[in-house]
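For reference, the structure discussed in these notes is given below.
The values are calculated or read from the model by the stated rules, or taken from the named source; none is laboratory data. Bear in mind that the values here come from a model prediction, so they are computed numbers and not experimental data. Backbone-built Cβ (ideal geometry, glycine too); neighbour counts: all protein chains shown.
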Amino acid sequence: MLSEKSLAEIARERTKYPSDQARSALLAALRIAQEEHGYLSEALMDYVADLLGLPAIQVYEVATFYTMYDLKPVGRHKLCVCGSVSCFLNGSDAVLAHLSDRLGVGLGETTADGVFTLQEVECLGACKDAPMMQVDDRYYENLTPESLDALLAQLRGGSDDVR
């Protein structure tokens, strides 16, 4: 179910912990599995549980708790808007409304073209530059309607340079 490369990465993560602490490698194993498959299906979570010798319920508990794990297919770009106190007080609700309007999707939904998935997440730790969001593995801060529109245009165009 996972490539040799992914299995080797998980094995490398597993060696970082004592042999009776397999659960310690679970976050990394789920990340690696998700990177290969795009999301964590039930079958893939069961596979990771078997791989680490854990009860499946422990894997489900972790995968459903953290917003970084996707339990269904998502768009090519995940727009994760921080909704915590600093961001909310600085307009994250307006950011979400703007993105929802521009993309034609609600929270947790993916655009019809499969490019964007819109999510609200808890604190991403960039409070001084609120409101902010994470897109894939990059942070975007001090968001305005204009900066959001420019970012969406760059992402639609396929540009990797969206800093």
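Here are the numbers for this structure:
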item	result
Set 148, 152: member being under 18 Å from the mean Cα position of the chain (by Cα), over 28 Å from residue 30 (Cβ atoms) and in contact (Cβ under 8 Å) with a residue 40 or more places away in the chain	152
Test: residue in region 94-103 that is in contact with a strand residue (DSSP E or B) (Cβ under 7 Å, 6 or more places away or on another chain), in a loop (DSSP other than H, G, I, E, B) and over 30 Å from residue 3 (Cβ atoms)	no
Residue pairs meeting the criteria (Cβ under 6 Å; at least 6 apart or on separate chains; first under 28 Å from residue 112 (Cα atoms) and at pLDDT 95 or above, in region 75-90; second part of a helix (DSSP H, G or I) and of a type in the set (Val, Ile, Thr))	81/95
The lone exception for residue 67 - which of (1) crowded, with 17+ Cβ neighbours inside 10 Å; (2) at pLDDT below 95 it fails	(1)
Matching residues, region 6-46, being within 24 Å of residue 75 (Cα to Cα), assigned to a helix (DSSP H, G or I) and not hydrophobic (A, V, I, L, M, F, W, C)	6, 31, 34, 35, 36, 37, 42, 46
Yes/no for residue 59 being among the hydrophobic types (A, V, I, L, M, F, W, C), in contact (Cβ under 8 Å) with a residue 24 or more places away in the chain and assigned to a helix (DSSP H, G or I)	yes
Residue match in region 85-102 (condition: closer than 21 Å to residue 72 by Cα and among the small types (Gly, Ala, Ser))	yes
Long-range neighbours under 9 Å by Cβ, at least six apart or interchain, first residue farther than 18 Å from residue 150 by Cβ within region 100-118, second part of a helix (DSSP H, G or I)	105/99; 106/100; 107/96; 107/100; 109/100; 109/103; 113/156
Number of positions in region 11-48 that are more than 18 Å from residue 68 (Cα to Cα), among the hydrophobic types (A, V, I, L, M, F, W, C) and modelled with pLDDT of 95 or more	2
Among (1) touching a Pro at 6+ places or on another chain (Cβ under 8 Å); (2) within 30 Å of residue 155 (Cβ to Cβ); (3) outside the structural domain of residue 127 (by TED's automatic domain parsing) - the single one residue 49 does not satisfy	(2)
Odd one out for residue 155 among (1) in a strand (DSSP E or B); (2) in contact with a His (Cβ under 9 Å, 6 or more places away or on another chain); (3) not small (Gly, Ala, Ser)	(1)
